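J.: Handing you a structure now.
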């Protein structure tokens with residue numbers, strides 16, 4: 001890459017405010033169990049049954065944040081950039097991970113080598129006082145730039161990413177330091 005192109009790409013990244021952070025970053029390493037909290041609604045990511053009778057089975061939902069004893073509200077980042085629900089680890093159904101998508105619905109399926117379950121975590125805002133990172137969770141390699149969103153009806157869905165939308169921004173809260 002020549003120098004003018006490199007300067008232009010750095011200026012573009014600075015202008016949009018979005019910085020892609022590698023998984024090994026200390027801010028996103030999130031060792032152990034974490035809660036995934038939405039910035040706009042204050043609700044936590046969990047799982048539940050499909051409420052619309054579309055026979056989708058288990059889907060991602062959001063609910064009021066509970067203590068760390070409620071394992072269905074607790075997540076763990078595992079290999080292949082997947083987000084596994086701690087409440088399902090070792091269950092008879094197997095460990096369930098976030099994704100793939102069925103329309104706009106976010107399915108919960110057994111973790112595996114399915115590329116449709118791979119996620120990226122991009123820092124879009126860092127709070128000055130609390131030093132918390134606000135993240136956008138996207139599906140890796142998915143055309144259409146789909147982000148994880150929620151609303152006040154506890155629905156979790158995938159929608160085209162919109163900069164500055166608080167319903168699409170999440171915080172990874174580590175139990176060790178929060």
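The values are calculated or read from the model by the stated rules, or taken from the named source; none is laboratory data. These numbers come from a predicted model, not from an experiment. Glycine gets a Cβ as well: all are built from the backbone with ideal geometry, and neighbour counts include every protein chain shown.
J.: Which condition does residue 86 not pass, out of (1) surrounded by fewer than 18 Cβ atoms within 10 Å (Cβ to Cβ); (2) more than 16 Å from residue 155 (Cα to Cα); (3) at pLDDT 85 or above, if it passes all the others?
T.: Evaluating residue 86 over (1) surrounded by fewer than 18 Cβ atoms within 10 Å (Cβ to Cβ); (2) more than 16 Å from residue 155 (Cα to Cα); (3) at pLDDT 85 or above leaves (1) as the failure.
J.: Just the residues that are at pLDDT 90 or above and in a loop (DSSP other than H, G, I, E, B), please, taken from region 112-140.
T.: The answer is 118, and nothing else.
J.: Across region 141-151, which residue is nearest to the chain's Cα centre (by Cα) among those that are outside any loop (DSSP other than H, G, I, E, B) and either touching a residue at least 60 places away in the same chain (Cβ under 8 Å) or within 11 Å of residue 99 (Cα to Cα) (or both)?
T.: In the first step, residues of region 141-151 are kept if they are outside any loop (DSSP other than H, G, I, E, B); the result is 146-150.
If we keep only those that are either touching a residue at least 60 places away in the same chain (Cβ under 8 Å) or within 11 Å of residue 99 (Cα to Cα) (or both) as well, we get 148, 150.
Values: 148: 6, 150: 11 Å.
By that ranking, first place goes to 148.
J.: Among the residues of region 152-176, write down those that are assigned to a loop (DSSP other than H, G, I, E, B) and surrounded by 15 or more Cβ atoms within 10 Å (Cβ to Cβ). So that I can check it myself, show each step before the final result.
T.: So in region 152-176, the residues assigned to a loop (DSSP other than H, G, I, E, B) come out as 152-154, 161-165, 169, 175-176.
Scanning region 152-176 gives 154, 161, 165, 169.
J.: Which residues, taken from region 64-76, are out of contact with any helix residue (DSSP H, G or I) (no Cβ under 7 Å at 6 or more places or on another chain) and at pLDDT 90 or above? Please lay out each step first, then the result.
T.: Step one: filter region 64-76 for residues out of contact with any helix residue (DSSP H, G or I) (no Cβ under 7 Å at 6 or more places or on another chain), giving 64, 67-70, 73.
Scanning region 64-76 gives a single hit, 64.
J.: Filter region 54-96 down to the residues that are under 19 Å from the mean Cα position of the chain (by Cα) and assigned to a loop (DSSP other than H, G, I, E, B), then identify the one that is nearest to residue 138 (Cα to Cα). Spell out how you get there, then give the answer.
T.: Within region 54-96, the subset under 19 Å from the mean Cα position of the chain (by Cα) is 58-66, 68, 70-89, 95-96.
This time we only want the ones that are assigned to a loop (DSSP other than H, G, I, E, B), so: 64-66, 68, 70, 74, 89, 95.
On the way: 64: 23, 65: 22, 66: 25, 68: 25, 70: 25, 74: 19, 89: 23, 95: 21 Å.
The selected residue is 74.
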